[in-house]
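Structure first, then comments.
The values are calculated or read from the model by the stated rules, or taken from the named source; none is laboratory data. Quantities reported herein were computed from a predicted structural model and do not represent experimental measurements. All Cβ positions, glycine included, derive from the backbone under ideal geometry; neighbour counts span all protein chains shown.
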């Protein structure tokens, strides 16, 4: 099946609901010229669950007819029951929120910048009460804030151990 290039296809792609494999949908309801669109991922998943639940088609048969695995059908069924139709829209990829700096550290850095706008990342990390200070939570490995490393011991008051000779491997390992 050749993918058409129209407004609906662009809208589906923008909303992350464009079926990456519409040619795998072989269910008769999705025949060319029919109401159903095999490029619409949410529609395909909904109809797959409906075919299994309402029409009583075996899970393996329904999944194959819509171009999915049995596990995908079970997952879609569960999500549909818990979240409704909106649950069939794929989630955004990547982290769901900031994960490098805590809100407390960001607030502190913003306060420091408001007090002295000339501070640069190295100055923020090295300043008393800054991200690298032992009295405050460490920021973790953040680009642009040199000297701040997760697990350095600064956050719990432990001194960093100087490098030493390599530890020999355990016998029999």
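Considering only residues in the range 54-67 that are in a loop (DSSP other than H, G, I, E, B) and in contact (Cβ under 8 Å) with a residue 40 or more places away in the chain, the one that is nearest to residue 28 (Cα to Cα) turns out to be 66. Only a single item in (1) buried (at least 17 other Cβ atoms within 10 Å of the Cβ); (2) over 26 Å from the mean Cα position of the chain (by Cα) is not met by residue 50, and it is number (1). Of the numbered criteria (1) in contact with a helix residue (DSSP H, G or I) (Cβ under 7 Å, 6 or more places away or on another chain); (2) closer than 30 Å to residue 127 by Cα; (3) outside the structural domain of residue 127 (by TED's automatic domain parsing), the one residue 26 fails is (2).
Within 17 Å of residue 76 (Cβ to Cβ) and touching a residue at least 24 places away in the same chain (Cβ under 8 Å), is that true of residue 24? The answer is yes for residue 24. One residue alone among 80, 101 is surrounded by 11 or more Cβ atoms within 10 Å (Cβ to Cβ) and over 30 Å from residue 53 (Cβ atoms), and that residue is 101. Taken across the range 78-90, residues that are under 20 Å from the mean Cα position of the chain (by Cα) and outside any helix (DSSP H, G or I) do occur, with at least one present.
Looking at 43, 71, just one residue is at pLDDT 95 or above and either more than 30 Å from the chain's Cα centre (by Cα) or closer than 20 Å to residue 16 by Cα (or both), and that residue is 43.
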